[in-house]
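The values are calculated or read from the model by the stated rules, or taken from the named source; none is laboratory data. Values in this document were obtained by computation on a predicted structure and should not be read as measured data. When we count neighbours, we look across all protein chains shown, and the Cβ atoms used for this are built from the backbone with ideal geometry, even at glycine.
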Amino acid sequence: MKKMNRSAKFAFIFSVIISIMFLIIVCSMEKKDKNDKVTTQNQNTLYEKQVVMYTENDEDAAYNYIENPDVLKNTEMPYVACLTLNDKIDKYLRDYNYVSEILTIKNAYQKGTIIYFEVFIGDTDAYINVEYDIRYNEFEFILK
Amino acid sequence: MRKIIFCITILTFLFLAGCREKTKATEEIYETEASLEKTEEKIRGSRIEMIYKEGPEETFEIMPVYYQQDYYDIVLGEKTVAEAGNLVTLLAMICSYEESTYITPDILISEYNQYFKNNKTDKDKLLQQVANKYNREVVNEPLDVEKIAKYINEDNMYVLIRIPHPSMYGNLSTYLLLTGITEEGDFIVRDSNYDNIQKYAQFLDNGEPVYSSFSVCVAAGQTAQMYTFPLKSAITDEMEEEP
């Protein structure tokens, strides 16, 4: 092997030192990035895992509830009927052994003093035809 | 010799430059951490910008907004505030409003620690204690829309409602706080569940969330309860007025 002259030696040492310095800096930066990513990931996982579920252990957990009541906002349904609407539908459905279902209102419209709409039960094709008479504050349900 | 000096100079220069870069990187990390802390601090205060009443005292004009999801690491019995902090978070908003300072859910829990023991919140005592602190009474009655309008518009009170069954606002029980009524007749609300706010809320110019009163009534139903907190002096006056 050819013996290196002085300047070649310096060049070699110089390049080795530069490479080491470069590696040290890059490694320290990567380590910090990795730590940051892990912390963020942990926080996100923690947040995603937490489902909001408040209970006082006296709830009616089997209640069938309407998820989109605002569909009826364009009708003239009075507040007194709003307060009873979901309770009456829930009671009617329980007679047919439906519990804990999410109900979706569709095809709502008003003709004169009668409000018509359909209430679909969960993911099934079953639904209730609802007629509400504003004059008498009366609901009529027919399960389809 | 000149070459050696030249090389040492270059090496020193490069080393210093490297150190500077490292220092810069470290500074950036510290800055990021500081800004993260700042963000956390911001989130753990009101999520809307607060408005103050006119006058020398800095009194809150509106109720601050806290979301239970922001307190995912605060323990509440066997769960966390994010999971089961519905009532606690709303009470924290009430306390903050009454005192015109930020009493966040974690502060409230530490203050009323004795009511969160044995993995159960002693709701009635907690409500009573909070009301007592502000010289108020707790009045519990079935939900009544006309009364809500009277309490909010005439008596200048906020109304806490409880829906004791699954609804569009919650899997089991849900508390909502009604703080005002808009010109359209909808409720200005405080809902501790940020998921609900994202799904159902409209917003006033000042950032306060609004729920359709129609939806709240349908979701609540006839079994819902409402809690009001009239001043004790107001109740005494009312009793004296009655024959």
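Mind listing whichever residues of the range B:196-243 are in contact with a strand residue (DSSP E or B) (Cβ under 7 Å, 6 or more places away or on another chain), of a type in the set (D, E, K, R) and modelled with pLDDT under 95? The one that is in contact with a strand residue (DSSP E or B) (Cβ under 7 Å, 6 or more places away or on another chain), of a type in the set (D, E, K, R) and modelled with pLDDT under 95: B:Lys232.
Table: residues versus (1) more than 14 Å from A:Asn64 (Cα to Cα); (2) surrounded by 18 or more Cβ atoms within 10 Å (Cβ to Cβ); (3) among the small types (Gly, Ala, Ser).
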{"site": "A:Lys91", "(1), (2), (3)": "no, no, no"}
{"site": "A:Tyr96", "(1), (2), (3)": "no, no, no"}
{"site": "A:Ser100", "(1), (2), (3)": "no, no, yes"}
{"site": "A:Asn107", "(1), (2), (3)": "yes, no, no"}
{"site": "A:Tyr116", "(1), (2), (3)": "yes, no, no"}
{"site": "A:Tyr127", "(1), (2), (3)": "no, yes, no"}
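Scoring A:Asp70 on the criteria (1) modelled with pLDDT of 95 or more; (2) under 25 Å from the mean Cα position of the chain (by Cα); (3) more than 30 Å from B:Leu76 (Cα to Cα) leaves a single failure, condition (1).
So in the range B:171-195, with the set limited to residues that are farther than 15 Å from B:Leu160 by Cα and touching a strand residue (DSSP E or B) at 6+ places or on another chain (Cβ under 7 Å), which one is surrounded by the fewest Cβ atoms within 10 Å (Cβ to Cβ)?
If we filter the range B:171-195 for residues that are farther than 15 Å from B:Leu160 by Cα, which is where we start, we get B:171-172, B:182-186, B:194-195.
Then drop every residue that is not touching a strand residue (DSSP E or B) at 6+ places or on another chain (Cβ under 7 Å), which leaves B:182, B:186.
Working: B:Thr182: 13, B:Asp186: 18.
Selected residue: B:Thr182.
Scanning the range A:58-91 for residues that are more than 8 Å from chain B (Cβ to nearest Cβ), farther than 15 Å from A:Asn137 by Cβ and not in a helix (DSSP H, G or I) yields A:Ala62, A:Asn64.
Within the bounds of the range B:105-115, is there any residue that is within 14 Å of chain A (Cβ to nearest Cβ) and surrounded by fewer than 21 Cβ atoms within 10 Å (Cβ to Cβ)? For the range B:105-115, residues within 14 Å of chain A (Cβ to nearest Cβ) and surrounded by fewer than 21 Cβ atoms within 10 Å (Cβ to Cβ): present. Restricted to the range B:126-243, the set of helices (runs of 4 or more DSSP H) holding at least 3 residues that are more than 21 Å from A:Lys88 (Cβ to Cβ) and either within 12 Å of chain A (Cβ to nearest Cβ) or out of contact with any Pro (no Cβ under 9 Å at 6 or more places or on another chain) (or both) comprises B:145-153, B:194-200, B:232-241. Every condition in (1) modelled with pLDDT of 95 or more; (2) out of contact with any Leu (no Cβ under 7 Å at 6 or more places or on another chain) is met by B:Phe187 except one, and the failing one is (2). Among the residues of the range B:41-98, just one is hydrophobic (A, V, I, L, M, F, W, C), surrounded by fewer than 20 Cβ atoms within 10 Å (Cβ to Cβ) and assigned to a helix (DSSP H, G or I), namely B:Ile43.
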